[in-house]
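Asks: Let me begin by handing over the structure; questions about it come next.
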């Protein structure tokens with residue numbers, strides 16, 4: 001399984017209404033940087049069924065929003081109950097999903 005597939009496998013497990021960041025995924029996989037996770041997610045599309053809209057930057061900004069098109073990422077998150085203000089997730093810390101905690105050592109892609 002290549003790096004992109006590993007990133008996609010983790011992102012597919014993020015529950016609706018929960019958020020994570022590029023660094024948490026990179027740390028969990030221990031195979032690269034947060035930038036590499038971003039590049040991997042840049043190579044997927046909505047049709048792939050990968051909820052990349054749930055991955056934000058470390059501060060809770062919708063930094064990947066341009067990949068989705070104007071307003072699409074925000075609309076998807078709002079539909080999941082995530083409050084967005086000026087391209088930021090208001091309750092990012094409360095909704096944070098940590099793959100290391102949630103998936104643990106038993107992760108199988």
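Asks: Does residue 26 satisfy the condition of being buried (at least 17 other Cβ atoms within 10 Å of the Cβ), assigned to a helix (DSSP H, G or I), over 10 Å from the mean Cα position of the chain (by Cα) and without any contact (Cβ under 8 Å) to a residue 12 or more places away in the chain?
Replies: Values: buried (at least 17 other Cβ atoms within 10 Å of the Cβ): yes; assigned to a helix (DSSP H, G or I): yes; over 10 Å from the mean Cα position of the chain (by Cα): yes; without any contact (Cβ under 8 Å) to a residue 12 or more places away in the chain: yes.
The answer is yes for residue 26.
Asks: Give me the pairs, please: first residue somewhere in segment 68-81 and in contact (Cβ under 8 Å) with a residue 12 or more places away in the chain, second residue anywhere and surrounded by 10 or more Cβ atoms within 10 Å (Cβ to Cβ) and part of a helix (DSSP H, G or I), beta-carbon distance under 7 Å, and either six or more positions apart or on two chains.
Replies: Every condition considered, the pairs that remain are 68/53; 73/53; 73/65; 74/65; 76/53; 77/53.
Asks: Another question, then. For segment 37-56: of the residues being within 13 Å of residue 5 (Cβ to Cβ) and outside any loop (DSSP other than H, G, I, E, B), which is modelled with the lowest pLDDT?
Replies: 48
Asks: Here is a list: 19, 62. Which entry is crowded, with 20+ Cβ neighbours inside 10 Å, within 19 Å of residue 94 (Cβ to Cβ), touching a residue at least 40 places away in the same chain (Cβ under 8 Å) and touching a helix residue (DSSP H, G or I) at 6+ places or on another chain (Cβ under 6 Å)? Walk me through how you get there before you give the answer.
Replies: Working: 62 fails: touching a residue at least 40 places away in the same chain (Cβ under 8 Å).
Among 19, 62, only 19 is crowded, with 20+ Cβ neighbours inside 10 Å, within 19 Å of residue 94 (Cβ to Cβ), touching a residue at least 40 places away in the same chain (Cβ under 8 Å) and touching a helix residue (DSSP H, G or I) at 6+ places or on another chain (Cβ under 6 Å).
Asks: Working only within segment 71-90, note down all residues that are surrounded by 15 or more Cβ atoms within 10 Å (Cβ to Cβ), touching a strand residue (DSSP E or B) at 6+ places or on another chain (Cβ under 9 Å) and assigned to a loop (DSSP other than H, G, I, E, B).
Replies: Listed by number, the list holds a single entry, 82.
Asks: Still on this structure, I have one more. Among residues belonging to segment 58-70 that are assigned to a loop (DSSP other than H, G, I, E, B) and more than 18 Å from residue 44 (Cα to Cα), point out the one that is farthest from the chain's Cα centre (by Cα). Spell out the reasoning first.
Replies: The initial filter retains those residues of segment 58-70 that are assigned to a loop (DSSP other than H, G, I, E, B), namely 58-60, 62-64, 69-70.
Among the residues that remain, those that are also more than 18 Å from residue 44 (Cα to Cα) are: 58-60.
Details: 58: 11, 59: 13, 60: 11 Å.
Taking the candidates together, the pick is 59.
The values are calculated or read from the model by the stated rules, or taken from the named source; none is laboratory data. Just so you know, these numbers come straight off a predicted model, no measurement behind them. Neighbour counts run over all protein chains shown; Cβ positions are idealised from the backbone, glycine included.
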